[in-house]
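This report concerns only the one structure given below.
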Amino acid sequence: MSLLLPSSLYGLARPFLFGVDAERAHEVTLDALARTQNTPLAALYGAPRVADPVDVAGLAFPNRVGLAAGLDKNARCIDAFAAMGFGFAEVGTVTPKAQPGNPKPRMFRLPEREALINRLGFNNEGLEAFVANVKRARFRNDAKPMLLGLNIGKNAATPIERAVDDYLLCLTGVYPHADYATINISSPNTAGLRSLQSDEALDGLLGAIADKREVLASRHGRRVPLFVKIAPDLDADQVAVIAATLKRHGMDGVIATNTTLARDAVAGLHHAEETGGLSGRPVREASNRVIAALRASLGGGYPIIGVGGILSAADAEAKVAAGADLVQLYTGLIYRGPKLVRQAAEALRARRP
Ligand SMILES: Cc1cc2nc3c(=O)[nH]c(=O)nc-3n(C[C@H](O)[C@H](O)[C@H](O)COP(=O)(O)O)c2cc1C
């Protein structure tokens, strides 16, 4: 995919990047970021971080705009995202073992709707390589560093009944290196994963994760906040059950939402019938509905990170109006470039009472 090139270069690079296969463009861009971060060339995309400090889930976020998971699955470019002015970045989803993901092609642009469909399927280099990359990152040397979220999942080959084993392995591996960890149970591209959102399965999974967190907290002397990432394809009753289950197990927040399986907003467009998760503008309203339903169920004060279809500063404001405390971007970066980070962060700062 495209993206994340320096604001000044983004306009020049976009036609080239949009001219090649979406996943190839994504790889080229990430390689460029990985190579240039922490070199003088990073000045090309360096943007001052908007200062809008906010405490959420016991963490001091420097501003309210974060990078959504899945863009940097192997945690290779953390310092580049810090340089772009994000208040936080979430990398992963990581699985215990390396896996190739689904056959290619598996990522498609729908430019008429500023959308993407992907069925990558957690392609990643595995937990060990992921943690090694996180440890190499230098962003924490900043005076007011960006925060880092580490997003965990399960291998495709692990039976869904054993999913908890994979989450516990990943949680144990990422724990000492995370400002927060995200339990991803909402990717549509790993068979059965979303079934973990239903009452009994969620109860069992979060119970085991909460117990493991207690053990890890005493081992490492630090209680790492845990967020759970959910799908947009849920009705208000399902959201209410999930909200109650998160609270019961002491989860620290919720990330809403992942990509959607719905296709009504893109019907008839080229690629609309590709299997996978749809992101970008078409998921915006569904995501806002889930955020509003979560806020209604959870009441004030419970952390919600809003994500899905933020293409402009006004979209970021709408997420906060729906009930989000923080926001994240992915597809908006592909279509609008990194200047969206600053625009969104400034708009949210301006809303401060
Ligand atoms: C190509 C692609 C890969 C993604 N991979 C992941 C992932 O590995 N883990 C995850 O939690 N979300 C993943 N997501 C979902 C995004 O983090 C985000 O929740 C979703 O795309 C909606 O936000 P957006 O409209 O700003 O893209 C992925 C999204 C895209 C487009």
Practice item. Work out, step by step, the length gained on full extension between Asp211 and Ser195: first 0.36 nm times the residue separation, then minus their alpha carbon distance; give nm to one decimal. Key: 3.6 nm
Revision key, fill the gap. Long-range alpha-carbon pairs in segment 95-254, meaning those over 20 Å apart, account in percent for 55 percent
Point to revise | Given charges at Cβ of Lys, Arg, Asp, Glu: the chain dipole, positive-most of Asn124, Val50, Pro225 | key: Val50
Study note, to complete from the structure: In the chain the DSSP beta bridges are antiparallel at a rate, in percent to nearest 5, of 30 percent
Revision key, fill the gap. Counting every C-alpha pair in segment 2-351, the percent lying more than 29 Å apart is 32 percent
Check your understanding: What's the exposure ranking of Val290, Val50, going from fewest to most Cβ atoms within 10 Å?
Key -> Val50, Val290
Study note, to complete from the structure: What the 5 Å binned alpha carbon P(r) of segment 121-210 shows, as percent of pairs per bin from 0, is 2, 13, 24, 23, 17, 11, 6, 4, 1
Exercise for review: Specify the inter-centroid distance of segment 182-201 and segment 40-63, based on alpha-carbon positions, in whole Å.
Suggested key: 31 Å
Exercise for review: Express the relative contact order of the chain as a whole percentage, based on alpha carbon pairs under 8 Å and six or more residues apart in sequence.
Suggested key: 18 percent
Practice item. Using only C-alpha positions, report the orientation-averaged shadow area of the convex hull of segment 265-315, nm², one decimal. Key: 4.6 nm²
Review point. Among Arg140, Arg194, what is the fewest-to-most ranking by other Cβ atoms within 10 Å?
Key: Arg140, Arg194
Check your understanding: Where the Cα atoms of segment 44-98 are projected onto their three principal axes, how long is each span, largest first, in whole Å?
Key -> 37, 33, 12
Exercise for review: Take every Cα-Cα distance within segment 67-189, group them into 10 Å bins from 0 onward, and report for each bin the whole-number percent of pairs it holds.
Suggested key: 13, 43, 32, 11, 0
Check your understanding: Where q = 0.19 Å⁻¹, what log10 of I(q)/I(0) comes from the Debye formula for segment 196-353, counting one point per Cα?
Key -> -1.17
Review point. Just from its helices, what would the mean residue ellipticity at 222 nm be for the chain, if runs of 4 or more DSSP H residues each count -39500 (n - 2.57) and the sum is divided by every residue, rounded to the nearest 500 deg cm²/dmol?
Key: -11500 deg cm²/dmol
Review point. In debye to the nearest 20, how big a dipole does segment 192-234 give about its Cα centre with +1 on each Lys and Arg Cβ and -1 on each Asp and Glu Cβ?
Key: 400 debye
**Study point:** Isotropic mean projected area of the C-alpha convex hull, segment 1-116 (nm²)
**Key:** 8.9 nm²
Exercise for review: Assign unit charges at the C-beta atoms only (+1 for Lys and Arg, -1 for Asp and Glu), then state the dipole size of segment 2-351 relative to its Cα centre in Debye, rounded to the nearest 20.
Suggested key: 840 debye
Revision key, fill the gap. Taking Ser297, Ser279 and counting other beta carbon atoms within 10 angstrom, the fewest-first order is Ser297, Ser279
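Read the figures in this text as sums done on the coordinates, not as results from a lab. Predicted model, so just to flag it, every value in this text is computed and none were measured. Note that each Cβ is placed from the backbone with ideal geometry, even for glycine, and that neighbours are counted across all protein chains shown.
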